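Since the structure comes first, as structure tokens, the remarks are kept for the end.
The values are calculated or read from the model by the stated rules, or taken from the named source; none is laboratory data. Keep in mind the model is a prediction, meaning the values are calculated, not measured. Every residue, glycine as well, gets a Cβ built from its backbone with ideal geometry; the counts of neighbours run over all protein chains shown.
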Amino acid sequence: MHVTVNEVMTREVISVHEATPFKDIAEALIEHGVSAVPVIDDAGHVLGVVSEADLLCKEEFQELYYQEGYKPPLRARLRHRLSPENADMRRKATGDTAAELMTTPAVTIPATAPVVKAARAMDQHGVKRLVVTADDGTLRGIVSRRDLLKVFVRSDADIARTIREDVLERSLWVETLGIKVQADHGVVTLTGWMDRRSDARVAARMAGRVDGVVDVIDKLSWKHDDTNWGR
């Protein structure tokens, strides 16, 4: 019922090896127009991510570590001195290879995860994209916010079919002859009748959780109101 990350992710990913030199990483970012690249080992396992910000640490703090006359802004110097990540900043500022420059661990998501889990992970970590991995931790792709929006361009026919087959028939085990499912630009309208009021409520809630559904208009009626038992 839920679209997985594997179905929407970008599979052609630019990555760098852990031994890739600084200059080659910078050239890869510029050439491919990306702001970050995954770092992998010989077996393809994801070790971390190198971003533009990671590379710019060398420029920002070169005076501190190389005494070349450059003086970072006061805010940057204070952040560097007071930050508990001082050692990590120094590693990046003096690093020459991807392994020394990368941010680790990378924020990853399994290819089999539902897209809603990917959206929550992006919000939790404040990132715009996630590295997608296989079960063994190897690189599979990249999923971005734009990729996640693909679930909302599912056809109305596909959405309606999913609700009828996956929600009503397989999950609720109800007869669908008395129920009509219509979808218009992602807005689903449920009409008809069901045997119990509780089933009608569940059907509307579950329909709203189907990927690609923008809203649900519940016009279902019922034969028996089983929600007032015991009152």
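The table for this structure:
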item	result
Where a residue in the stretch 144-164 is assigned by TED's automatic domain parsing to the domain that holds S35 and its partner, wherever it lies, is hydroxyl-bearing (S, T, Y), with Cβ under 8 Å and at least six apart	S144/T10; D147/T10
Residue count, the stretch 115-133 (criterion: touching a strand residue (DSSP E or B) at 6+ places or on another chain (Cβ under 9 Å), surrounded by fewer than 18 Cβ atoms within 10 Å (Cβ to Cβ) and more than 17 Å from V37 (Cα to Cα))	2
Residue in the stretch 199-215 that is in the same structural domain as A36 (by TED's automatic domain parsing), basic (K, R) and within 27 Å of I109 (Cα to Cα) present	no
Test: residue in the stretch 46-56 that is under 25 Å from the mean Cα position of the chain (by Cα), modelled with pLDDT of 95 or more and of a type in the set (G, A, S)	yes
Residue, surrounded by the most Cβ atoms within 10 Å (Cβ to Cβ), within the stretch 148-206, restricted to residues that are aromatic (F, W, Y) and under 17 Å from V216 (Cα atoms)	F152
Selected residue (criterion: farthest from the chain's Cα centre (by Cα)) from residues of the stretch 113-123 that are within 23 Å of I14 (Cβ to Cβ) and touching a residue at least 60 places away in the same chain (Cβ under 8 Å)	A113
